[in-house]
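So the structure is just underneath, and the comments pick up after that.
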Amino acid sequence: MLLILITSAIYFALQVESIYGGDAGDLVSAIIVSGVAHPPGYPLYTMLGILLTKVISFGTIAYRVGFLSSIPGILTLIILYDLIVYLSQRYFIAFLTSLLLAFTYPFWLYSEVVEVFSLNNFFLVLLLSLSIHYLKEKKSKYIFLIFFVLGLSLSHHHIILFLLPSVIFLIWQNKQLISLRHIGLIFIIFLIGLIFYLYPVVSSLSSPSINWQGPPTFRNFFDLVARIGYGTFRVGSATMHDPILRFLSLWAFFDFFFKDFRILGIILFVIGFISLFRFDKKIFTAIFLGILSYLFFLFYASFPLTENFSVATYERFIQPLYILMTVVIAFGLILAEKILSTIINRVLDPDKSELVLRIALFCFLIYPAGLFIQNFPKISILKRDFTAEKLGEDILNSVPPDSILIISTDNPLFDTQYVYYSQKKWPKVKLVHLSKLYSSYYYDQLKKDYPQIEMPEMGSSPHETVFSFIEKNYGKFPIYSKLSIDSKDGIWVPYGLLFRYVEKSDTSLKETEVISENERLWASYHDPLSGSLSQYKNLMLSDVLKSYSVSRQEIGYWAAKKGYYLQSENHLLEAQRLDPRDVDSYVILSQVYLMQKKCEQAKNEIDKIGMIDRDDSRSDYLQSLNYAVCFKDKEKAAFYEKLFEEKRRGKETPLKKL
């Protein structure tokens, strides 16, 4: 009861009122329009979200959907507590271990923000618990419950499949209890759990605005469920598959585990492995198989851990491992208790030893309390943070009312999408998903949503299709995009957070108007550092900064080429403020100073490049250029040119080996 009170009070109190970024905007948008979210569609989650938004009448839509994170998070902890008590009869250790998981950063974070992972955690621990109960009690009801829950969980998220080695192993121990009659019933019960996959089929019949399946054909349904567009069980279709990079994903997990559980967690996990092996070899094997299986997933998925967004994506998928490893840590605490008991009994009288042992165990509460103190500032600042939502608002406010807005990449796309469908303030803006323009079914959807748009024939390539679409509608609507797409007939001019497409033959474009419009737009935008990011940069949310800083770089670069050096400098300095680690801002600004013959200022910017990344050869090239053109120092120019060539050759050699 105390565990329920503590976790409920904290989780409900800190439940986030807006979207956190990443996939959240797409998930909530699909719920708003009763549509189909991105693959694999998450039908169970979508249907539960639709129900919650209708039953709960208070709070933002994102807040209401957020109960699909907080409630499963609490239930996961309750079932984990019950499982540890069932195995060990150690109530205090079960309480302590459950609190430990509750306040680890990823588990706590994804129990507060809109995402699918908390519900997956619930299914994982429930399946594990039911399988262990079946192993111990040998009752048929558990096998039926296992396959019903497995069907439900697959209607939610496919990553549950990596728990199957553990589940199958535990079931196999009592295989003699399963008759042919049971197999038929088990299959029917499993299909009942999967019945929620009828939702995307039924939903797509009405062609909702958010529809990643298209018409309800078998091929479309299969592609959705199997994530064909992304690559089944891979983070994306374009990810790299170098074995070294995959092993780095495994190393990253151990780095995460150390930072989240600290050295005490590692010690308890190691001795817990020994303790669990001695306690029950079958349960040890099941947990060990689960850990190996999810480690293999991290290896196979090929997470490109190169920037905040990809690291944040990786962070979401380590939670199943944390749950399994927390069970092991519980047995580490049990062994620690036995060791302490032995030592205390040798030193103290029996009448005192029991009290001292209880006090010593009570001191272990410092461990989860320490995690709470460490992570509370990072989590609590998100409750009323609207940074991701404000990005969507700023993007939509960048375009005139009757415009086409082509949007892409997860945070800009999904954040904008959520604002567009939840606030409904931009009815005349035609919101177009760039990558879906390559899909024939999306044409019918756009015709339904925006009948004024003229749809071309599908091109022979995605690039040709996009520009056929632009050419058909240019002149009828202003066309804006988050990305500038190569074109021989037109140019993309920076307009705030976006680009506006202008044909080269269009003489109406005035550079002064572009500059003044950009100044107006940037003055109207929210400052992304005015919210939680001013205190702590939670990974997924911090990717929002990139949208602002890169757009500042774009207008800074454009303004410099046109000779508006003061405006260029101001934008580039703002880009540096938003993202001090992005060397591109310093590279561009140093060249702006070079063009103005501001030698010392250029040198200062170039020096910063080297301070951020010593291996970035551009710093040596720019220093060489600065000393040659600006300082007129041929000796130093030659020195830096030599450094540049050495670094460039050093990079080429390993590339040839690869």
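The values are calculated or read from the model by the stated rules, or taken from the named source; none is laboratory data. Here the structure is a predicted model, which is why all the values come from computation and not from measurement. Positions of Cβ are backbone-derived with ideal geometry, glycine not excepted, and every protein chain shown enters the neighbour counts.
Quick notes on this structure:
- Qualifying residue in region 418-427 (condition: among the hydrophobic types (A, V, I, L, M, F, W, C) and under 22 Å from ASP385 (Cβ atoms)): yes
- Residue in region 350-362 that is crowded, with 17+ Cβ neighbours inside 10 Å, over 30 Å from LEU497 (Cβ atoms) and at pLDDT 95 or above present: no
- In the set (1) loosely packed, with under 13 Cβ neighbours inside 10 Å; (2) on the phi > 0 side of the Ramachandran plot, the condition left unmet by GLN176 is number (2).
- Index of the failed condition, PHE222 passing every other in (1) touching a residue at least 24 places away in the same chain (Cβ under 8 Å); (2) under 25 Å from the mean Cα position of the chain (by Cα): (1)
- Residue in region 266-285 that is basic (Lys, Arg), under 27 Å from PRO72 (Cα atoms), touching a helix residue (DSSP H, G or I) at 6+ places or on another chain (Cβ under 7 Å) and touching a residue at least 12 places away in the same chain (Cβ under 8 Å) present: no
- Pair list, Cβ < 7 Å and 6+ apart or interchain, from region 472-485 residues that are surrounded by fewer than 18 Cβ atoms within 10 Å (Cβ to Cβ) to residues that are among the polar types (S, T, N, Q): LEU483/SER408
- Inclusion of GLN452 among residues that are assigned to a loop (DSSP other than H, G, I, E, B) and at pLDDT 85 or above is warranted.
Condition check ((1) among the hydroxyl-bearing types (Ser, Thr, Tyr); (2) modelled with pLDDT of 95 or more) across all residues:
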site: ILE263; (1), (2): no, no
site: PHE279; (1), (2): no, no
site: PHE284; (1), (2): no, yes
site: GLY290; (1), (2): no, yes
site: SER293; (1), (2): yes, yes
site: PHE299; (1), (2): no, no
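- Count of region 404-432 residues which are crowded, with 18+ Cβ neighbours inside 10 Å and either in a strand (DSSP E or B) or over 22 Å from the mean Cα position of the chain (by Cα) (or both): 9
- Residue in region 554-574 that is closer than 17 Å to GLU307 by Cβ and either crowded, with 24+ Cβ neighbours inside 10 Å or small (Gly, Ala, Ser) (or both) present: no
Every residue, every condition in (1) aromatic (Phe, Trp, Tyr); (2) in a helix (DSSP H, G or I); (3) assigned by TED's automatic domain parsing to the domain that holds GLN213, yes or no:
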| site | (1), (2), (3) |
| --- | --- |
| PHE467 | yes, yes, no |
| ILE470 | no, yes, no |
| PRO494 | no, no, no |
| THR507 | no, no, no |
| VAL514 | no, yes, no |
| GLU517 | no, yes, no |
| TRP522 | yes, yes, no |
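- Residues that are farther than 25 Å from TRP522 by Cα and assigned to a loop (DSSP other than H, G, I, E, B), drawn from region 561-610: LYS597, LYS598
- Residue within region 303-319 that is modelled with pLDDT of 95 or more, at negative phi, in a helix (DSSP H, G or I) and surrounded by 14 or more Cβ atoms within 10 Å (Cβ to Cβ) present: yes
- Among residues of region 318-340 that are under 20 Å from ALA301 (Cα atoms) and touching a residue at least 40 places away in the same chain (Cβ under 8 Å), those with a Cβ under 7 angstrom from a residue that is hydroxyl-bearing (Ser, Thr, Tyr) and part of a helix (DSSP H, G or I), sequence gap 6+ or separate chain, pair up as PRO320/TYR294; LEU321/TYR294.
- Pairs, first free of Cβ contacts under 8 Å to residues at least 40 places away in the same chain in region 521-547, second buried (at least 21 other Cβ atoms within 10 Å of the Cβ) and of a type outside the set (D, E, K, R), C-beta under 6 Å, six or more apart: LEU545/PRO528; LEU545/LEU578
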